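Presented below is the structure to which this report refers.
The values are calculated or read from the model by the stated rules, or taken from the named source; none is laboratory data. All values reported here derive from a predicted model rather than from experimental measurement. Note: ideal-geometry Cβ built from the backbone for every residue, glycine included; neighbour counts use all protein chains shown. Ligands, DNA and RNA are stripped out before the accessible areas are found, and what is left, the full protein with its side chains, is counted by its heavy atoms. Shrake-Rupley method; radii C 1.70, N 1.55, O 1.52, S 1.80 Å.
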Amino acid sequence: MAYRKVAIVGAGITKFVRRAQETGKELSWQAAKMALDSCDLSLEQVDCVTLGTAPDAFDGVHMKGEYLADGAGAWRKPYMRHYVGGGTGVFSPIHGWFHVASGMADIVLVVAEEKMSSCVPHPQGAFLTIFDHTTEQPLKPNLIWIFALEMNRYMQAYGLSKADIALVSVKNKKNAIDHPAAQIPEEITVDDVLNSETLAWPVNRLDISPASDGAAAIVLASERVARRLTDKPVWIDGVGFAIDTAYWATRDLCYPTYVETAARQAYEMAGITEPSKQIHVAEPYDPFDYKELHHMEGLMLCPRGKAAQLTADGVTQRDGNLPICPSGGALGVGNPIAATGLMKIIEIFLQLRGEAGKRQVPGNPTCGLAQAWGDLMQMGTVVVMRS
Amino acid sequence: MSLPLRRLDCAQHADGSVVAVLAAEDTALALTDIPIWIEGLGWCTDTPTLEMRDWGEAAYAALSAEMAYRMAGISNPAGQIDFAEICDEYSYKELQHMEALKLCMPGEAGHLVETGVTDVNGELPINVSGGALGVGHLFEASGAHKILELVEQLRGEAGVRQIPDVEVGLAQTWRGVPTATGAVAILSNF
């Protein structure tokens, strides 16, 4: 395939909080401005803007991509919104990548925003309408209810305990202590997770990421422009996205095939044949603690059913052989859906540039990936990056 | 409906679906004898804030057309575009968009319609398909219907609607109320 090389040259992120004073437009602009400033660009130099943001119901504005347009810096520019639910944030750089790789644009501003606090009493309510009206809505499924099924299935399939899985939450919330944007960084124990309120067994409150407000932005550039703008471009070397069936009853709950399909696309493009050796640092999507394990397996970073053991062995700690979610992930930094995925892209960007500060993983990593998951919980998005 | 718009000035909502298959050049030539080429694309969003727009013109259409014309190498739209399918969700929108697309001079579109220039046999046929006002308005899918009409016309498969000897067509859409977002595509059969 003939396409141009695409680099990330700048990034910005707002603080993730439960209830932001700023409007969604303001959050978008704060992140966009930070990203532009980080690579000394002005809005006039941007050819094209893409925006990722999840359900309209969160912000309470129908067609919220349109509403957020000027906040995202898109006034009188080519502008497109993309939306694949929780997978949106990692689809954001893919959407921008198409514009640069195809030659349509040299500089693209990619913004991801979510303001979930507008959805009262709780954004869970938005999910009551997303499933099939005949076969699934009558069961009144909310996401916690559904993920309780999936987590239980995963535990049963591989003989895992809730404590094995709680280690992920402990690790990520601790990692988040070093993230300036973090909403719920804290040092907790496995017992804290097990003793937190049961929401829908086996899911406890501390197994789950919070609802959040926040925005993130990156700047993508073609190779020629990127080399002029920075000494440390981070290249998007592989992109993948795939969907499985939207019906719960017809998909494998203990293995995320959608992630594997997306990962295989991205790995083939990036020339990765042994993911666990060639990927030095990864940010899989972790809205629930078991999901980090699920996704590590789908990404083929470890054999099926083995992610919990790697976690117990400390392999996925920041100073382990395969650091997973060194940012603190959705569990620690917070989960403003679309912005979370882009936060993960930004974490890999900083890690590969050696600019992650206290969060920096050792060993000068040169290849990393970010992954997200969403839509009707059957969509995987993967981006492989190299310094 | 709301003066000066009357019911028959407004396109009626419809359910529907349109699908197009795109292919790279080599694959396209292997699949069909009459591929229709995408020569130019443009899209643009003006301000989302109602108070800040210029209501007299469609900036989103003008800017997206500029982008598409640049890509397609079109310097004289009125001379180089053989026919167009443009957004007519409300009757005046067809005229406003014709002018924004530089298919005629500002303020001239109404006269062209009255004198038959935009009829199927005119010099610049517009919305020969019947447009959203005639075929129905599919919201986000309305643009795809315009692309379908371009493909059928450029392939000579438009039946009784066929415009003779067309080579370059333009499709344009507006995203509708409350947006100031639009897109333009230019297709050709050579």
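Of the candidates A:Lys33, A:Lys25, the single residue that is open to solvent by 40 Å² or more (accessible area, probe 1.4 Å), within 14 Å of chain B (Cβ to nearest Cβ) and part of a helix (DSSP H, G or I) is A:Lys25. In segment B:1-47, the qualifying residues are those that are hydroxyl-bearing (Ser, Thr, Tyr) and open to solvent by 60 Å² or more (accessible area, probe 1.4 Å), and the one that is modelled with the lowest pLDDT is B:Ser2. B:Val184 meets each of the listed conditions (1) away from every other protein chain (no Cβ under 14 Å); (2) assigned to a strand (DSSP E or B) apart from (1). For segment A:180-235, which positions are open to solvent by 20 Å² or more (accessible area, probe 1.4 Å) and either in contact with a His (Cβ under 6 Å, 6 or more places away or on another chain) or assigned to a strand (DSSP E or B) (or both)? Residues satisfying the conditions are A:Thr198, A:Leu199, A:Ala200, A:Ile208. A:Phe131 satisfies every condition listed in (1) within 14 Å of chain B (Cβ to nearest Cβ); (2) crowded, with 18+ Cβ neighbours inside 10 Å except (1). Taking each residue of segment B:27-48 that is farther than 27 Å from B:Glu66 by Cα and away from every other protein chain (no Cβ under 12 Å) and looking for partners that are open to solvent by less than 40 Å² (accessible area, probe 1.4 Å) and part of a loop (DSSP other than H, G, I, E, B) with beta-carbon atoms closer than 7 Å, six or more apart or interchain, yields B:Ala28/B:Pro35; B:Leu29/B:Pro35.
Matching residues to (1) touching a strand residue (DSSP E or B) at 6+ places or on another chain (Cβ under 7 Å); (2) surrounded by fewer than 21 Cβ atoms within 10 Å (Cβ to Cβ); (3) closer than 20 Å to B:Thr179 by Cα:
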{"site": "B:Met71", "(1), (2), (3)": "yes, yes, no"}
{"site": "B:Ala78", "(1), (2), (3)": "no, yes, no"}
{"site": "B:Met105", "(1), (2), (3)": "no, yes, no"}
{"site": "B:Thr118", "(1), (2), (3)": "yes, no, no"}
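Restricting attention to segment B:54-65, which residues are within 11 Å of chain A (Cβ to nearest Cβ) and either of a type in the set (Phe, Trp, Tyr) or open to solvent by 50 Å² or more (accessible area, probe 1.4 Å) (or both)? B:Tyr60, B:Leu63, listed by residue number. Pairs are defined by a Cβ separation below 9 Å, a sequence spacing of at least 6 or placement on different chains, a first member in segment B:58-81 that is in contact (Cβ under 8 Å) with a residue 24 or more places away in the chain and under 19 Å from A:Tyr79 (Cβ atoms), and a second member that is open to solvent by 50 Å² or more (accessible area, probe 1.4 Å) and of a type in the set (Asp, Glu); the pairs so defined are B:Ala58/B:Glu99; B:Ala61/B:Glu99; B:Ala62/B:Glu99; B:Ala68/B:Glu39; B:Met71/B:Glu39. The residues of segment A:24-67 that are of a type in the set (Asp, Glu), more than 15 Å from A:Arg81 (Cβ to Cβ) and without any contact (Cβ under 8 Å) to a residue 12 or more places away in the chain amount to a single one, A:Glu44.
Going through segment A:51-72 one residue at a time, which ones are within 11 Å of another protein chain (Cβ to nearest Cβ) and crowded, with 20+ Cβ neighbours inside 10 Å? Full working, then the answer.
Of segment A:51-72, the ones within 11 Å of another protein chain (Cβ to nearest Cβ) are A:51, A:61-72.
A:Leu51, A:Lys64, A:Gly65, A:Glu66, A:Tyr67, A:Leu68, A:Ala69, A:Asp70, A:Gly71, A:Ala72 - these are the residues of segment A:51-72 that are within 11 Å of another protein chain (Cβ to nearest Cβ) and crowded, with 20+ Cβ neighbours inside 10 Å.
Look at segment A:215-228: where a residue is in contact (Cβ under 8 Å) with a residue 40 or more places away in the chain and a partner is polar (S, T, N, Q), sitting 6+ places away or on another chain with Cβ atoms under 6 Å, you get A:Ala215/A:Thr14; A:Ala215/A:Ser28. Within this structure, A:Gly298 fails the test of being more than 23 Å from A:Glu268 (Cα to Cα) and either surrounded by 24 or more Cβ atoms within 10 Å (Cβ to Cβ) or out of contact with any strand residue (DSSP E or B) (no Cβ under 7 Å at 6 or more places or on another chain) (or both).
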